[in-house]
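Here, each number is a calculation from the coordinates, and none is a lab measurement. In this text, all values refer to a predicted model and were calculated from it rather than measured experimentally. Because the Cβ atoms are built from the backbone with ideal geometry, glycine has one as well, and the counts that use them run over all protein chains shown.
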Amino acid sequence: MSISNDYITMHILFIVLHTISGLLAFIYGWISLHKLENNSLKKLFLTFLISLICLDIFMIGAIIVDIPSLSQGQLFTFSGLTLLGLYMLYRGYQAYQVQKSRRNNWKIPFIEHVGFNLISLFDGFVIVLAIDLKFPVWGTITIGILGVIIGISVVNRIKLKTKPGSSGTG
């Protein structure tokens, strides 16, 4: 196997693992938002958080392997997505802290932190897909903005369903 084939294999492996991690993070994040009163929340959320960590590790791996073949625009975009991924980890950690302490009204900040991550995951996948499919810039931006608007609406609906003042232990 030549070096270029090794790089292609590494790239594919990183992208597949990144995609699986993202899908798991999205699924477990979504379930966590709907299991706030459930004793399994800690395990669900831990799976979400580990999936976010793996998502970033595999994304960075794919970018490093791909750097020689990336255009400046792609490099700029992937650098932005890397920064977003690091911020998502920060928000995930904040959700972990809120969920761990379970102080009064912990659910609303938890929903906001996890919700931010779910919106970001969706937009990240849509942006990369749009780049891969060579969408025009205006189409990619429009889809990304719509994803954020719809995501915020969904997160707000979940927050409205949460009992005000509920400190909950589940």
For I20 and I145, extending 7 Å from Cα along the Cα-Cβ vector and measuring point to point gives, in nm, a value of 3.7 nm
Using a Gaussian network model of the chain whose springs link C-alpha atoms within less than 10 Å, name the residue from L44, L24, L13 with the highest mean-square fluctuation. L13
Sort V65, V154, V137 by Cβ crowding within 10 Å, fewest neighbours at the top. V137, V154, V65
Could you work out how far helix 3-33 tilts from the main Cα principal axis of the chain, as a 0 to 90 degree angle to the nearest 10? 10 degrees
Between 0 and 90°, nearest 10: helix 137-161 axis offset from the chain longest Cα axis: 20 degrees
With Cα springs under 10 Å, the Gaussian network model of the chain assigns the largest mean-square fluctuation among N117, N156, N39 to N39
Relative to the first principal axis of the alpha-carbon coordinates of the chain, what is the inclination of helix 107-132, with its axis defined by its Cα atoms, in degrees from 0 to 90 and to the nearest 10? 20 degrees
Please report, in debye to the nearest 20, how large the charge dipole of the chain is about its Cα centre when each Lys and Arg carries +1 at its beta carbon and each Asp and Glu carries -1 there. 1060 debye
Report the residue, chosen from S40, S153, S69, that carries the largest GNM mean-square fluctuation when the chain is represented by alpha-carbon nodes joined by springs under 10 Å. S69
The stretch 136-160 and the stretch 64-84: distance between their alpha carbon centers, rounded to Å: 23 Å
What is the Rg over Rh value, at two decimals, for the chain, using alpha-carbon atoms and the Kirkwood definition of Rh? 1.03
